Amino acid sequence: MSGRHPLSEAVAEAVTEVGALLRERRGAPGALDGVWRGSQFKAEADALAHRELSARLSRIDGRIPVVSEEDPDSLSRSRPERYWLIDPIDGTASYVHGFDGYVTQAALMIGDRPEVAAVYAPQLDTLYTAVRGLGARRDGVELPRTATTAPGEGVLTDNTPEPSGIARRVYDHFGYGSYLESGSISLKLCRIAGGEAHLFVKDVPVRDWDVAAPDLVLSEAGGRVTLLDGSAFTYRGPYEHTGLVGAADPSTCRAVAHWAGSPPARTGAEERSPEGSGNRSP
């Protein structure tokens, strides 16, 4: 597990157990039932994962409250000074539609930043962990520092079969030649930390519970996550933000954020191909 923080192994075990439960129950009757709430599909499995992960984290230390996407009451209160921020299933659409790109994850938040994180991708049987100041690991092996890659170098990742929307605009503008289809926000950021990809850009609402755990994994590996305008992704105030940039190389993150935050990039004023189909994750 990552580092020597007393909670790192326990939270890694918790997300792994819940992820395994999700994988096992995926084919059970009713497991994929759910309803649409605004733009997001909520499966019965989301509620199950919330209950199971919350219970495990409470057993680790009952003094640390759990703040969860699946618990509106926890989101309506002021943020505690110390709390678990969890996304029981990041990538519900992937889970429901039979794709591999979903994870279960948790971050221990101290003040306005993540201190301990664990992200488990059940279908890939891959566990990412991180402790602030002590590095990041994949399946217990320390991740090397992320590669120095200028804008246009390396692999762009998103959750469609081909780049679309702002991903297409970034791909074309900076001259990327390689693309990786992935699943949830968290998995994309973790794959950047692991060296499989180098840049991810999103220009629609993102939420703290999507980002906190993989943000720590990526930053501890040497990469960076910012808001779309290039400002720091801080975990205070409202839980929702517009867009993000995650990159293996912090200088590339800054350069792409500077371009992506400009009016032509935001509005898609540049010529681009039509958006693709096959969205694998919310």
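The values are calculated or read from the model by the stated rules, or taken from the named source; none is laboratory data. Worth saying up front: this structure is predicted, and the values here are computed from it rather than measured. Cβ placement follows ideal geometry from the backbone for every residue including glycine, while neighbour counts extend to all protein chains displayed. In case anyone asks, the SASA skips ligands and DNA or RNA and just uses the protein heavy atoms, side chains included. Shrake-Rupley method; radii C 1.70, N 1.55, O 1.52, S 1.80 Å.
How far is helix 8-25 tilted off the main Cα axis of the chain, in degrees rounded to 10, range 0 to 90?
For helix 8-25, the angle is close to 90 degrees.
Could you list log10 I(q)/I(0) for the chain at q = 0.16 Å⁻¹, which the Debye formula gives when each Cα is one point scatterer?
Log10 of I(q)/I(0), two decimals: -1.24.
Rolling a 1.4 angstrom probe over the protein heavy atoms, how many square angstrom per residue are accessible across the chain?
I get 41 Å² per residue for the chain.
Ratio to report: Rg/Rh of region 159-228, with Cα atoms as the point set and Rh obtained by the Kirkwood method; give two decimals.
Across region 159-228, the Cα-based Rg/Rh ratio is 0.94.
Given an 8 Å cut-off on Cα distances and at least 6 residues of separation, report the relative contact order of the chain as a percent. Display every interim value, and only then the final one.
Working: 664 pairs, mean separation 51.2, N = 282.
In percent, rounded to a whole number, it is 18.
For a test of the definition: using alpha carbon positions, the gyration tensor, and the 1.5 limit on a/c, classify region 92-156 as rounded, prolate or oblate.
oblate
If packing is taken as the average count of other Cβ atoms within 10 Å, what order do 9-16, 174-181 fall into, highest mean first?
9-16, 174-181
Output the 0 to 90 degree angle, nearest 10, between the alpha-carbon long axis of helix 165-174 and the longest principal axis computed from the alpha carbons of the chain.
50
If you wrap a convex hull around the Cα atoms of region 112-204, how much volume per residue is inside, in Å³?
It is 119 Å³ per residue.
How much length is gained on full extension from residue 51 to residue 97, taking 0.36 nm per residue of separation minus their Cα-Cα distance?
14.3 nm
Any idea what angle helix 44-60 forms with the longest principal axis of the chain, computed on alpha-carbon atoms, 0 to 90 degrees, nearest 10?
60
Given a 1.4 angstrom probe, I'd like the percentage of the accessible area of the chain that is carbon and sulfur, rounded to a whole number.
Accessible surface attributable to carbon and sulfur in the chain totals 47 percent.
Among 107-116, 225-234, how do they line up from the highest to the lowest mean number of other beta-carbon atoms within 10 Å?
Put in order of decreasing packing, that is 107-116, 225-234.
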